[in-house]
Amino acid sequence: MAVSDVSATAVPRLRISLVTPSYNQAAYIRRTIDSVLEQTGNFELEYRVLDGGSTDGTVEILESYGDRVAWTSARDHGQVDAINKGLRAATGDVVGWLNSDDVLLPGALARVAAAFAANPGVEWVHGRCRIIDEHDAPVRRWVSFYKHYRARNHSFSNLLTENYISQMTAFWRRSVHTEIGYLDPQFDLAFDYALFLSLADRGAPIYIDEELACFRWYETSKSGAGFGKQVDQATAIAARYGHAGSWTRARMQAKKLAIVSIYRAMGFGRAVLLRTRP
């Protein structure tokens, strides 16, 4: 399902709980927090940053916001642990998380709130995403376009073959956690995909046909450095769904090989370019 140009007026106020897990992201976290605090619209916001005991100046940045941001900083068991703590403590009708190097775009939460208000029977929504580099410049536009195309043609069997949901644009009703549990710490890279398949197995999402957030990609980012492992984990997660037919399983394997090959080729091309620069 898709919606476009959703108006945020004349809809009931929704309480949205947003969590940001963080560890040594002083280079980016201020942009992340500002993008959340600048959100306006017909919703209530509960926002919390859960920092894993950073030593790079992140805590000083968090302190600079005073009481505008609720935060804690203490050692944890990693990203999944931090997000789960935030989700368990959330009080909103709708929840989501935003990593400490990603950003929301203006009007994102208003569109999310309006989509839920207009579709009271839907459990989750997501939208378009822009990919940016460490300097906020758009990159990999073809990836964004491809995921947009796939999202507009969503089916559960399609989602089993590849993850085209942009995590930073996804929000879901907090009540689902009483039935599906929380994020699986077994998967340190593809835990979001496990969640999306659990949600999709229950019902189709609303797709908001507008950009909601930016995903920051760079060589040393968790996603940038571990794409091969991430694809392996995603394949293992999808294989849990025994009702997937033989054709779907064949597509899963083909997509895995294609994605790994494409990203390796991109990495090789970048390395060659860097070596040949004057």
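The values are calculated or read from the model by the stated rules, or taken from the named source; none is laboratory data. Predicted model, so just to flag it, every value in this text is computed and none were measured. Here the Cβ is made from the backbone with ideal geometry for all residues, glycine too, and neighbour counts use every protein chain on show.
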> Quick one: would you say Val139 is within 16 Å of the chain's Cα centre (by Cα) and β-branched (Val, Ile, Thr)?
Replying inline: no
> Just for the stretch 142-159: of the residues that are free of Cβ contacts under 8 Å to residues at least 60 places away in the same chain and among the charged types (D, E, K, R), which one is surrounded by the fewest Cβ atoms within 10 Å (Cβ to Cβ)?
Replying inline: Arg150
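With the structure loaded, tell me whether Val122 is of a type in the set (A, V, I, L, M, F, W, C), closer than 22 Å to Ala238 by Cβ and surrounded by fewer than 20 Cβ atoms within 10 Å (Cβ to Cβ) or whether it fails that test. Spell out how you get there, then give the answer.
Numbers: of a type in the set (A, V, I, L, M, F, W, C): yes; closer than 22 Å to Ala238 by Cβ: no; surrounded by fewer than 20 Cβ atoms within 10 Å (Cβ to Cβ): yes.
Answer is no for this residue.
What is the residue count in the stretch 148-176 for residues that are closer than 19 Å to Tyr207 by Cβ, assigned to a helix (DSSP H, G or I) and touching a strand residue (DSSP E or B) at 6+ places or on another chain (Cβ under 7 Å)?
Of the stretch 148-176, the ones closer than 19 Å to Tyr207 by Cβ are 148-173, 176.
Still in the list and also assigned to a helix (DSSP H, G or I): 148-152, 156-161, 167-169, 176.
In the following step, the residues that additionally are touching a strand residue (DSSP E or B) at 6+ places or on another chain (Cβ under 7 Å) were identified as 148, 151-152, 168-169.
Going through the stretch 148-176 one residue at a time, the tally reaches 5.
Asp56: closer than 19 Å to Phe187 by Cα, surrounded by fewer than 19 Cβ atoms within 10 Å (Cβ to Cβ), out of contact with any Cys (no Cβ under 8 Å at 6 or more places or on another chain) and touching a residue at least 24 places away in the same chain (Cβ under 8 Å), yes or no? Step through it out loud before you land on a result.
Values: closer than 19 Å to Phe187 by Cα: no; surrounded by fewer than 19 Cβ atoms within 10 Å (Cβ to Cβ): yes; out of contact with any Cys (no Cβ under 8 Å at 6 or more places or on another chain): yes; touching a residue at least 24 places away in the same chain (Cβ under 8 Å): yes.
Considered against the rule, which asks whether it is closer than 19 Å to Phe187 by Cα, surrounded by fewer than 19 Cβ atoms within 10 Å (Cβ to Cβ), out of contact with any Cys (no Cβ under 8 Å at 6 or more places or on another chain) and touching a residue at least 24 places away in the same chain (Cβ under 8 Å), Asp56 comes out as no.
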>> If a residue counts only when it is polar (S, T, N, Q) and more than 26 Å from Tyr207 (Cβ to Cβ), which strands (runs of 3 or more DSSP E) contained entirely in the stretch 4-122 have at least 2 such residues?
In response: 70-73
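Quick one: is Thr169 of a type in the set (Val, Ile, Thr) and surrounded by 21 or more Cβ atoms within 10 Å (Cβ to Cβ)? Before the answer, list the steps.
On the way: of a type in the set (Val, Ile, Thr): yes; surrounded by 21 or more Cβ atoms within 10 Å (Cβ to Cβ): yes.
Spelling it out, Thr169 is indeed of a type in the set (Val, Ile, Thr) and surrounded by 21 or more Cβ atoms within 10 Å (Cβ to Cβ).
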> Within the stretch 59-99, which residues are β-branched (Val, Ile, Thr) and either more than 20 Å from Asn24 (Cβ to Cβ) or surrounded by 18 or more Cβ atoms within 10 Å (Cβ to Cβ) (or both)?
Replying inline: Ile61, Val80, Ile83, Thr91, Val94, Val95
> What residue, of Glu210, Glu219, Glu179, is within 29 Å of Ala115 (Cα to Cα), among the acidic types (Asp, Glu) and either assigned to a helix (DSSP H, G or I) or at pLDDT below 85 (or both)?
Replying inline: Glu179
> Of all residues in the stretch 200-214, which are over 14 Å from Ser155 (Cβ atoms) and buried (at least 19 other Cβ atoms within 10 Å of the Cβ)?
Replying inline: Ile206, Ile208, Glu211, Leu212, Ala213, Cys214
> Of the conditions (1) out of contact with any Gly (no Cβ under 6 Å at 6 or more places or on another chain); (2) modelled with pLDDT of 95 or more, Thr161 fails just one. Which one is it?
Replying inline: (2)
> Can you name the condition, by its number, that Arg128 falls short on among (1) touching a Leu at 6+ places or on another chain (Cβ under 7 Å); (2) assigned to a helix (DSSP H, G or I)?
Replying inline: (2)
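Residues checked against (1) exposed (fewer than 13 other Cβ atoms within 10 Å of the Cβ); (2) within 27 Å of Tyr47 (Cβ to Cβ); (3) among the polar types (S, T, N, Q); (4) free of Cβ contacts under 8 Å to residues at least 40 places away in the same chain:
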position: Gly127; (1), (2), (3), (4): no, yes, no, no
position: Arg140; (1), (2), (3), (4): no, no, no, no
position: Thr161; (1), (2), (3), (4): no, no, yes, no
position: Gly181; (1), (2), (3), (4): yes, yes, no, yes
